[in-house]
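A quick write-up on the structure given underneath.
The values are calculated or read from the model by the stated rules, or taken from the named source; none is laboratory data. Note that the structure is a prediction, hence the values are computed from the model and not measured. When we count neighbours, we look across all protein chains shown, and the Cβ atoms used for this are built from the backbone with ideal geometry, even at glycine.
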Amino acid sequence: MTEQGSIGQAEWLDRYDAAYMQNFGSPKRVLVRGEGCRVWDVEGREYLDLLAGIAVNSLGHAHPDIVAAISDQIATVAHISNLFTSPWQVELSERLDALATANAPGIPARVFLCNSGSEANDTGFKLTRRTGRTRIVAMEGSFHGRTLGAVSLTSKAAYREPFEPLPGGVVFVPYGDEAALAEAVDDETAAVVLETIQGESGIIVAPDDFLRAARRITDEHGALLWIDEVQTGIARTGQWLSYLPSGVTPDVVTLAKGLGAGIPIGACIAVGPAADLLGPGSHGSTFGGNPLASRAGLTVLDVIERDGLLEHVRAVGEHLAAAVLALGHPDIVEVTGAGLLRGIVLARDIAPAVADRALEAGFLINAPRPNRLRIAPPLIITAAEVDSFVAALPTLLEG
Ligand code: PMP
């Protein structure tokens, strides 16, 4: 392997451009190290990571508990295939089933563990096909992933159309529109799938009553309610799962991103009768739920609990929103989202340029829309770290 530091960023990027598929375009930096909420590039520049690998590095970088648990696990047993199970897989499964049913304790639930959000959603999709119905109602503005199954639930034409024909039967309704949902769901509908906050669309929050309405409407027609918590789940919004405050219990919950703190993991949890829809031989994954990934998931859940991160995320998230608004800057219209999943809505379509200037100034953020910035830092970020970004924001906006 090339000795690190022996070549600069430009040369790494040239090699990337030649060797890697062009689907992501050119990366903005070559990163080599992380610690807490900071990362460093190959030329030694330091950044405050306000994106956490897009809501993945929930405990920041090189968290001592993750380092210890993963090192111990890899020295013990990392992978065994799904012909076998492990104590870590069993315990993580129990913990996730309990979280998904926290509003209705005692209802049976079962999980399938996989490796990404798309895979978790493909599992959910296959499960809905086993209801005997094939129609799915999804939301305009949705993002559920890039595999053929997940992209067929994703509304953006540019992601879908080049890959048609996609798995069929999916219709889209305006997000948060209860009347449109009631109109679209019928007795042929297998499932309604939605995010509580649309992350990739720019941190768009569903109206308060929408989840309860979706539960009522799906119940009326015997359809499944499926909530995609891939971006919002596991403390990101200051709740274990972002739907819990609504009081609803969905039939299907999908998770990934922050659950593994950087180790790839996904989960599809099915509740009640839906838990038995995928029978023997119907689905599988070589890596899914292996001891290494399961141990990572268990460690994340333990650290969130031990360190009171749910409360911390709520407090720092509110501090962030209040501090950004208190700038009173004419370009800042609104702060959306919850906990540490926040959108800064701008009065002009300058978000990509602001994100580029932020990078130059040592802050990692992104622009999911021309007029929206996304902030999704590690859940361990401090108010002081947030303040350093807020202090820089007026300069970043002005260019
Ligand atoms: N669902 C949601 C809500 C997401 O935000 C994402 C990723 N941004 C996915 C699914 C897909 O996850 P992955 O990239 O791990 O396949």
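Annotations
- Failed condition for Arg374, given (1) charged (D, E, K, R); (2) more than 23 Å from the chain's Cα centre (by Cα); (3) at pLDDT 95 or above: (2)
- Checking Gly281 against (1) crowded, with 22+ Cβ neighbours inside 10 Å; (2) part of a loop (DSSP other than H, G, I, E, B); (3) out of contact with any helix residue (DSSP H, G or I) (no Cβ under 7 Å at 6 or more places or on another chain), the condition it does not meet: (1)
- Any hit, the range 182-201, residues being within 27 Å of His319 (Cβ to Cβ), of a type outside the set (Lys, Arg) and not in a loop (DSSP other than H, G, I, E, B): yes
- Within the range 77-123, tally of residues that are in contact with a Lys or Arg (Cβ under 8 Å, 6 or more places away or on another chain) and within 14 Å of Ala275 (Cβ to Cβ): 2
- Of residues in the range 39-81 being on the phi > 0 side of the Ramachandran plot, touching a residue at least 24 places away in the same chain (Cβ under 8 Å) and assigned to a loop (DSSP other than H, G, I, E, B), the one surrounded by the fewest Cβ atoms within 10 Å (Cβ to Cβ): Ser81
- When the range 82-108 is filtered for residues that are small (Gly, Ala, Ser) and surrounded by 12 or more Cβ atoms within 10 Å (Cβ to Cβ), the ones remaining, listed by number, are Ser86, Ser93, Ala98, Ala100, Ala102, Ala104.
- Scanning the range 11-29 for residues that are over 23 Å from the mean Cα position of the chain (by Cα) and either within 30 Å of Ala383 (Cβ to Cβ) or surrounded by 11 or more Cβ atoms within 10 Å (Cβ to Cβ) (or both) returns Glu11, Trp12, Leu13, Asp14, Arg15, Tyr16, Asp17, Tyr20.
- Looking only at the range 222-258, residues that are surrounded by 24 or more Cβ atoms within 10 Å (Cβ to Cβ) and either within 16 Å of the ligand (Cβ to nearest atom) or under 9 Å from the mean Cα position of the chain (by Cα) (or both) come to 24 in all.
- Extreme residue, nearest to Leu127 (Cα to Cα), among residues of the range 261-274 that are more than 16 Å from the ligand (Cβ to nearest atom) and surrounded by fewer than 21 Cβ atoms within 10 Å (Cβ to Cβ): Pro273
- Listed by first and then second residue, the pairs linking a residue in the range 254-280 that is farther than 18 Å from Thr196 by Cβ to a residue that is assigned to a loop (DSSP other than H, G, I, E, B) and modelled with pLDDT under 95, with Cβ atoms under 6 Å apart and 6 or more places separating them unless they lie on different chains, form an empty list.
- Residue match in the range 64-74 (condition: more than 23 Å from Glu200 (Cα to Cα), more than 16 Å from the ligand (Cβ to nearest atom), touching a Gly at 6+ places or on another chain (Cβ under 8 Å) and not aromatic (Phe, Trp, Tyr)): yes
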